[in-house]
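Undergrad: I'd like to ask you about the structure that follows.
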Amino acid sequence: MDKVRIGIVGCGGMARSHASRFSMIFDQVEVSAVCDILVDRAQDVAQYLPKPPFVTADYREMYDHVDAVLLVLPHHLHHQATLDFLRAGKHVLVEKPMANSERECREMIQCARDCDRVLMVAYCMRFNPIVLKMKELLDNKTYGDVFQLSIWTEQLTKYPPDHWASSAKTLGGGQLFSHGCHYIDLMLWMLGKPVWGTHFGTNFGTPWMEREGTSNVTIEFEGGIMGYHMGTWGARGTRLRYSFHAHCTEGMLEAAISQGKLILHSKHAVHDPSKPNAPQNEQILLEAPNAKHTEQEMVHFVDCIRTGRKPLTDPVGSLEGLQVIWKLYEAEEQRRLADLRGMGLGSLAL
């Protein structure tokens with residue numbers, strides 16, 4: 001079978017990472033074109049590829065050179081570029097978040113259907129083997145029923161004042177919308193239907209952000225399950241880095257993403273104030289220290305192109321997750337709880 005010709009649009013700070021996504025499947029794909037408005041950056045990406053690609057500053061010049069594209073553009077450019085490539089008959093893997101408004105997301109979904117092309121959103125965390133194993137164990141109730149999932153992401157991400165990611169308009173919001181969308185998606189995927197939620201955000205500690213650089217989300221799910229996400233782009237130091245804790249009725253699963261470990265903490269003694277360090281069992285269930293989840297994401301995208309199967313991170317589900325974030329933002333501005341009933345994955349009939 002002929003190789004799928006893929007183009008990369010946007011060759012900024014993650015240039016090497018973008019190029020490495022294809023390393024596992026060079027027998028199936030050819031990175032045939034790269035594009036950036038700064039041609040030097042496109043040429044930098046080109047040097048990491050086994051075969052010299054077509055290099056351009058105008059993505060419209062790529063149409064004859066590609067069958068599909070990976071769009072790694074500023075968020076406010078996702079919508080138009082996606083429509084242009086779909087209408088040119090190309091499959092699209094667009095970086096998260098899909099777009100900055102519901103109208104834009106819906107137009108992208110409809111265009112993909114009209115053009116009969118694959119549109120997939122790059123929620124790469126769903127392809128991390130640690131995350132996949134955690135979901136499997138939660139779904140199977142291996143350690144009882146989950147009643148609390150807490151997700152921490154702590155990093156230092158700083159942009160100059162004139163950078164597109166510093167602006168709420170071009171970023172689409174703040175840290176929650178740009179990065180936290182990964183973890184809202186995971187909570188919906190793992191915990192089910194949301195009921196009520198709150199969001200509090202601040203740019204204290206991240207003055208380069210127009211909107212929040214630190215975000216705290218609490219969501220109640222059906223059945224009384226609780227979800228929590230704390231993310232910050234202002235961490236000058238951290239211990240947790242990227243860490244997920246799923247408390248179940250028979251143990252706690254810790255996805256230590258930065259360490260590449262899934263750990264079971266179990267048989268903790270009932271709390272005794274006189275014994276603050278009660279013993280417990282710890283068991284490493286899975287180790288994947290160098291997980292290549294962006295590469296696995298690309299493998300899945302190519303498989304969807306070849307087979308016509310629905311992507312795991314499809315655009316409808318991606319819109320459903322963004323709808324929750326917009327509801328949380330709206331409620332925060334009005335100083336009230338967000339009513340999330342009837343929302344979540346599988347809630348839209350488009």
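Undergrad: Kindly indicate which of Asn277, Asn281 is in contact with a strand residue (DSSP E or B) (Cβ under 9 Å, 6 or more places away or on another chain), at negative phi and surrounded by fewer than 16 Cβ atoms within 10 Å (Cβ to Cβ).
TA: Within the list Asn277, Asn281, the selection yields Asn281.
Undergrad: Just to check your reading of the model, which residue among Gly317, Gly346 is in contact (Cβ under 8 Å) with a residue 40 or more places away in the chain and either under 30 Å from Leu264 (Cβ atoms) or surrounded by fewer than 18 Cβ atoms within 10 Å (Cβ to Cβ) (or both)?
TA: Gly317
Undergrad: Starting from segment 17-30, take each residue that is of a type in the set (Asp, Glu) and list its partners that are buried (at least 18 other Cβ atoms within 10 Å of the Cβ), counting only C-beta distances under 6 angstrom and pairs at least six apart or across chains.
TA: Glu30/Arg5
Undergrad: Next up: Could you go through segment 38-50 and let me know if any residue there is touching a Gly at 6+ places or on another chain (Cβ under 8 Å) and crowded, with 17+ Cβ neighbours inside 10 Å.
TA: The answer is yes; a qualifying residue exists.
Undergrad: Could you pull out every one of the helices (runs of 4 or more DSSP H) wholly within segment 64-172 that has 3 or more residues that are assigned by TED's automatic domain parsing to the domain that holds Trp326, within 19 Å of the chain's Cα centre (by Cα) and buried (at least 16 other Cβ atoms within 10 Å of the Cβ)?
TA: Output list reads 129-139.
Undergrad: A further question on this structure: What about Thr294, is it under 24 Å from Pro194 (Cβ atoms) and either in contact with a Gly (Cβ under 8 Å, 6 or more places away or on another chain) or β-branched (Val, Ile, Thr) (or both)?
TA: no
Undergrad: Report yes if some residue within segment 239-250 is touching a Gly at 6+ places or on another chain (Cβ under 7 Å), buried (at least 22 other Cβ atoms within 10 Å of the Cβ), modelled with pLDDT of 95 or more and more than 24 Å from Pro315 (Cα to Cα); otherwise report no.
TA: no
Undergrad: Hey, another quick one. For segment 332-342, name all the residues that are surrounded by fewer than 20 Cβ atoms within 10 Å (Cβ to Cβ), assigned to a loop (DSSP other than H, G, I, E, B) and on the phi < 0 side of the Ramachandran plot.
TA: Within segment 332-342, Gln334, Arg336, Leu337, Arg341 qualify.
Undergrad: Still on this model: Could you tell me how many of the residues in segment 224-247 are over 22 Å from the mean Cα position of the chain (by Cα) and either part of a strand (DSSP E or B) or not assigned by TED's automatic domain parsing to the domain that holds Tyr143 (or both)?
TA: So the answer is 1.
Undergrad: Out of all the residues in segment 169-181, is one or more modelled with pLDDT of 95 or more, touching a strand residue (DSSP E or B) at 6+ places or on another chain (Cβ under 6 Å) and β-branched (Val, Ile, Thr)?
TA: no
Undergrad: Restricting the search to segment 163-194, which residues are among the β-branched types (Val, Ile, Thr) and touching a Lys or Arg at 6+ places or on another chain (Cβ under 6 Å)?
TA: Residues satisfying the conditions do not exist here.
Undergrad: What pairs come up if the first residue lies in segment 176-193 and is over 17 Å from Thr206 (Cβ atoms), the second is of a type in the set (Asp, Glu) and surrounded by fewer than 24 Cβ atoms within 10 Å (Cβ to Cβ), and their beta carbons are under 8 Å apart, counting only those six or more places apart or on different chains?
TA: Leu188/Glu320; Gly192/Glu222; Lys193/Glu222
Undergrad: Does Asp44 meet the test of being in contact with a Lys or Arg (Cβ under 9 Å, 6 or more places away or on another chain) and of a type outside the set (A, V, I, L, M)?
TA: Judged against the criteria, Asp44 is a match.
Undergrad: Within segment 301-313, track down each residue that is within 15 Å of the chain's Cα centre (by Cα) and surrounded by fewer than 19 Cβ atoms within 10 Å (Cβ to Cβ).
TA: Leu312
Undergrad: Among what's in segment 201-232 and is within 21 Å of Glu333 (Cβ to Cβ) and hydrophobic (A, V, I, L, M, F, W, C), pick the residue that is surrounded by the fewest Cβ atoms within 10 Å (Cβ to Cβ).
TA: The extreme case among them is Phe204.
Undergrad: Quick test for you: out of Val131, Val146, Val94, pick the one residue that is touching a strand residue (DSSP E or B) at 6+ places or on another chain (Cβ under 7 Å) and over 25 Å from Leu240 (Cβ atoms).
TA: Val94
The values are calculated or read from the model by the stated rules, or taken from the named source; none is laboratory data. What you are looking at is a predicted structure, and each value in this text was computed from that prediction instead of being measured. All Cβ positions, even for glycine, are placed from backbone atoms using ideal geometry, and neighbour counts span all protein chains on display.
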